[in-house]
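Undergrad: Pasting a structure here, questions to come.
A short reminder: the numbers here are calculations on the coordinates, not readings from a lab. Since the structure is predicted, the reported quantities are computational estimates derived from the model, not experimental observations. We place every Cβ from the backbone using ideal geometry, glycine too, and count neighbours over all the protein chains shown.
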Amino acid sequence: MAANPLRPKLSDVLHADLLEEINRGHFGEGGRLPSEADLGQRFGVSRPIVREALSRLREEGIIRSKKGSGSYVVPQSTPRRPGDANQGRTLASITDIQKLYQYRMAVEGEIAYHAALSRTEQDIRQISEAAIALGQCRNDGSDGTEEDIDFHMAIARATQNPFFVNGLENITVDMRFIVELARGLLMKQPVKAISKVQAEHEVILTAIRERDAEGAREHMKFHLSTAHARLFYGAGQDGAALWQDGVLPGPLSISG
C-alpha cells in the first residue's frame, strides 16, 4: 500500500510537540533543550527523527545550536509559529538592505540612549552575558548571528519600553538575514578584525552600564555604520577607514 502523502511524518509531530513546549516556556527563554538521546527516549522516537525536528526548529529561528553544548531556545516575547523564519522578510533589493541599516541606526541609537537611562542591574547582566556569548561564538562553532541579535534585543529590553522591543522583534527576520551576511564575511577575516568588532559591542555595554546615554547612542550608531560598511565595502579602502578608532561614518548613501 502506498504511503499517504497527507499523513504527517513523525518528525512533523515531534516538531509540533517541541514547539508547543517552547511556547509554554517549558525550557525557559534562552534555555537548553535536552540532548537528542534524551528527547528520543522521552518521545519514543529515533535520533534521526529528533535531528530532523531540531533542524526545522533551527531553520525557523526558534532554536540555535552551540557546538559541543547543545540546542538553545532563541529568546522572543511572542509565541513562535512554524515557518516564522521564512515569513515576514521584506528585503528584496540592495536598496532595501541599505534602508534597513538606516532605520536601525536611527532607532537603535535611541534604544541605546534610553537603555542607558533606564537599565537595571539585571539588564546589565543580560547584556553582558550576550556580549560574552558573542565574543565566544567562534570557539563554539557559531557565526554569531543569533548571539548578535540577542545582544541588540537585550539592549532593547533594558529600555523598559515594550514598543522598542516590539519594534526590533518586528524586523527580526530581516535583521537575521543581514546579520548572517555580515557575520559570514566577518568570520573569514583575521582575528584582529573580529576583535575590533567585539570591542564595538563592549563600548556600547560600558556606556549603558555607566548611564552615558549620549555615548551609548553614538557608539551604537557607529557600530551599525561600520557593520553596513563592512558588508558593502569589505576590506576595501572605504571600509578600512571605518576600523580606525574615533572615525564616525557619515549618513548612508542610498540609491534607488
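Undergrad: Could you give the radius of gyration (one decimal) and Dmax (whole number) of the Cα atoms in region 10-84, in Å?
TA: Reported Rg and Dmax, both Å: 11.2, 32.
Undergrad: Taking amide H positions as placed in the peptide plane 1.01 Å from N, state which residues far from C137 in sequence (5 or more) or on other chains have amide H under 5 Å from it.
TA: none
Undergrad: Can you give the extra length, in nm with one decimal, that the chain gains between S118 and R24 once fully stretched, where that is 0.36 nm per residue apart less the Cα-Cα distance?
TA: Numbers: separation 94, 0.36 × 94 = 33.84 nm, distance 2.88 nm.
Here the segment from S118 to R24 would lengthen by 31.0 nm.
Undergrad: Out of A53, G25, S35, whose Cα points farthest toward the positive end of the dipole of region 17-66 (charges: +1 Lys, Arg; -1 Asp, Glu; placed on Cβ)?
TA: Among A53, G25, S35, the one farthest towards the positive end of the dipole of region 17-66 is S35.
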